[in-house]
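Just so it is clear, none of the values below were taken in a lab; they were calculated from the coordinates. Values in this document were obtained by computation on a predicted structure and should not be read as measured data. Every residue, glycine as well, gets a Cβ built from its backbone with ideal geometry; the counts of neighbours run over all protein chains shown.
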Amino acid sequence: MLKSTIPVLRVIFKAKVYRYRSTKLIRDAGFPASFSLVSYVFVHPSIDEPELSEIVKHEQEHIRQKHWIDLLLFGTLRTIQWFNPIVWFYGRLIRQNHEYLADKHALQSSLNPGVYRAALLNQTFGGSIIPLTSSFNFSFNKKRFNMMNPIIQSPLRKLKFLLILPVFAGILYAFAVPEYKNVTATEVQNDSTEETKIVVGNITWEGNSVYTADELNKVLGLKKGNTYSQKQIDQQLYYGPVSDLYFNNGYLFFNLESVPTKKADGTTDFTFKIFEGGQYKIRNVEVKGNEKVSKKDILAICSIKSGDLFSKEKLIQSYNDLVETGKFVPEEIVPDVKPDLSTQSFTFGAVDIVFTVVEK
């Protein structure tokens with residue numbers, strides 16, 4: 001822990017510290033991934049607006065909530081209990097919970113959640129995690145990406161928390177983020193473990209022009225008249241195939257909002273408001289850092305191609321394709337997603353993908 005942290009402290013004492021709003025900002029090329037330590041935020045010099053603004057919002061939440069204290073306490077616990085496998089798993093859950101909390105508050109102040117998600121994609125394959133730091137790129141996965149859609153809970157679900165005994169309030173405060181998992185429509189139908197049940201009434205879609213309501217209902221898998229828990233509805237709506245349908249078809253800035261309406265007959269109508277945004281095509285796919293392997297060979301390996309519609313699935317697959325060659329250092333492969341916001345009003349927006357690699 002000291003070996004990883006001391007180099008960061010040296011940079012703090014030697015590097016120039018910028019004032020970015022109320023944040024102490026350090027730009028250093030030695031750290032490919034963005035992170036915060038105590039009251040300092042580290043970013044790579046190549047990061048510019050608006051990505052910098054979104055990253056700083058995220059890291060400010062880590063600083064405000066003093067997550068470094070949790071990491072310090074856990075580091076001490078791990079030193080004593082290094083032989084206990086549960087401790088290592090517990091540490092990852094702590095970090096994951098930190099990221100969910102920071103994402104939640106940062107998105108509340110973000111003007112464009114799509115830019116926030118693009119910034120997260122850019123940081124996905126950054127450098128290794130330093131023990132005492134909160135890293136923007138920690139625990140990137142489909143669950144974290146999809147949970148960034150705003151979830152509006154029904155009043156009934158909110159009132160349920162008033163019935164919980166005070167002794168459990170502290171536990172919920174410390175572990176406020178639920179466990180997320182992708183589920184199929186069959187699993188949604190068969191899961192009957194939740195206490196609060198909702199009978200789905202009419203389902204209405206607003207803002208959709210690419211897919212019809214029938215198509216979206218078929219993909220969503222919720223049936224009128226069937227009973228589900230609120231958690232099941234949230235999982236299928238926000239972490240399921242609807243968001244993938246858009247993200248993998250060029251809609252980089254897709255967003256979704258759920259508005260439930262409780263009816264007198266006990267059913268709940270749902271209005272799903274969609275912001276599709278424009279489709280984004282891959283304008284250029286570039287490679288940096290390669291010396292032995294040619295750019296042509298690298299691009300031939302990647303699943304994502306110039307001229308294709310943007311696809312989150314293909315972007316992640318391209319990273320895996322490069323790792324599987326065995327020619328590059330996995331943790332040094334960094335796909336950089338650069339949407340050209342000036343093309344948002346066009347039929348097809350433009351986005352550039354830059355793969356930075358380090359050869360073995």
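In this structure, the residue pairs whose Cα-Cα separation is over 22 Å, taken from K66/K338; K288/K314; K273/K314; K288/K338, are K66/K338; K273/K314. The equivalent ellipsoid of the stretch 203-249 has semi-axes of 19, 13, 8 Å, largest first, where each one is the square root of 5 times an eigenvalue of the Cα gyration tensor. Taking a Cβ cut-off of under 9 Å around H58, the surrounding Lys, Arg, Asp and Glu residues balance to a net charge of -4, with basic ones at +1 and acidic ones at -1. Taking label positions 7 Å along the Cα-Cβ direction at both R64 and T212, the computed distance is 4.5 nm, reported to one decimal. Working ranking of peptides 54-61, 351-358 by packing, defined as the average number of other Cβ atoms within 10 Å per residue, highest first, is 54-61, 351-358. Multiplying the residue separation of N320 and K197 by 0.36 nm and removing their Cα-Cα distance gives an extension gain of 40.3 nm.
With R₀ set to 41 Å, the beta-carbon distance separating I94 from K327 gives a calculated FRET efficiency near 0.70. Between T76 and K292, residue separation times 0.36 nm minus the direct Cα-Cα distance comes to 73.5 nm. What net charge is computed for the residues neighbouring E276, neighbours being all others with C-beta under 13 Å from the C-beta of E276, Lys and Arg scored +1, Asp and Glu -1? Spelling it out: positives minus negatives among the neighbours equals -1. Between their Cα atoms, which of K104/K231; K104/K295; K197/K218 are more than 29 Å away from each other? The pairs that break the limit, which is 29 Å between Cα atoms, are K104/K295.
Highest average first, the peptides 37-44, 4-11 ordered by how many other beta carbon atoms sit within 10 Å of their residues are 37-44, 4-11.
Both radii were evaluated on the Cα set of the stretch 257-360; the Rg over Rh quotient, with Rh as the Kirkwood radius, amounts to 1.22.
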